[in-house]
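Here's the structure we're looking at; comments come further down.
The values are calculated or read from the model by the stated rules, or taken from the named source; none is laboratory data. Remember, it's a predicted structure, so these values are computed and weren't measured experimentally. Note: ideal-geometry Cβ built from the backbone for every residue, glycine included; neighbour counts use all protein chains shown.
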Amino acid sequence: MKSTEKKHLVIARIWHGVTEKSKAEGFLDYMMRTGVKDFRVKEGNRGVYVLRRDGKRRVEFVMISLWDSVSAIRKFAGEEIDGASYYPEDEKFLVKLEPNVKHYHVVTGP
């Protein structure tokens, strides 16, 4: 079987955002109450991971959500799955609203 023919385990949807350091704790709490909580109950979601990287003045966050299929992502995000989904107060915390997310086929796992 060619590598392009191998089945994937899940699809990872990866979002990136940056906050000022002074807003990082508030944003993390907000993310847990909105995006993380919301993703976890969506049909087809297999899990959500939040990564954090602290800099001197800003903090980067990466949210990785795992999905059964593109159609499961579409049910959550709409037809344009590469567009980032934002919640009402995100703009209070984020330096900018990045317009896109990235999707990857997960081909290995634990």
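Some notes on this structure:
- For the stretch 59-78, filtered to residues that are in a loop (DSSP other than H, G, I, E, B) and not charged (D, E, K, R), the residue that is farthest from ASP29 (Cα to Cα) is SER69.
- Any hit, the stretch 79-95, residues being part of a helix (DSSP H, G or I), exposed (fewer than 12 other Cβ atoms within 10 Å of the Cβ) and out of contact with any Lys or Arg (no Cβ under 7 Å at 6 or more places or on another chain): yes
- Annotation note: of VAL70, VAL62, VAL18, VAL36, the sole residue that is over 22 Å from GLY109 (Cα atoms) and of a type in the set (A, V, I, L, M) is VAL18.
- Against the list (1) in contact with a Leu (Cβ under 7 Å, 6 or more places away or on another chain); (2) loosely packed, with under 15 Cβ neighbours inside 10 Å; (3) more than 17 Å from LYS96 (Cβ to Cβ), the condition VAL62 fails is (3).
- Residue match in the stretch 59-71 (condition: on the phi > 0 side of the Ramachandran plot and touching a residue at least 12 places away in the same chain (Cβ under 8 Å)): no
- Residue match in the stretch 1-8 (condition: more than 13 Å from the chain's Cα centre (by Cα), closer than 21 Å to GLY109 by Cβ, in contact (Cβ under 8 Å) with a residue 40 or more places away in the chain and loosely packed, with under 15 Cβ neighbours inside 10 Å): yes
- Only residues that are assigned to a loop (DSSP other than H, G, I, E, B) and either surrounded by 12 or more Cβ atoms within 10 Å (Cβ to Cβ) or touching a residue at least 40 places away in the same chain (Cβ under 8 Å) (or both) were counted across the stretch 98-110, and they come to 5.
- From GLY44, GLY26, GLY55, residue being in contact (Cβ under 8 Å) with a residue 24 or more places away in the chain, of a type outside the set (Lys, Arg) and touching an Asp or Glu at 6+ places or on another chain (Cβ under 6 Å): GLY44
- The set of residues from the stretch 1-40 being part of a helix (DSSP H, G or I), more than 21 Å from ASP82 (Cα to Cα), modelled with pLDDT of 95 or more and not charged (D, E, K, R) comprises SER22, ALA24, GLY26, PHE27, LEU28, TYR30, MET32.
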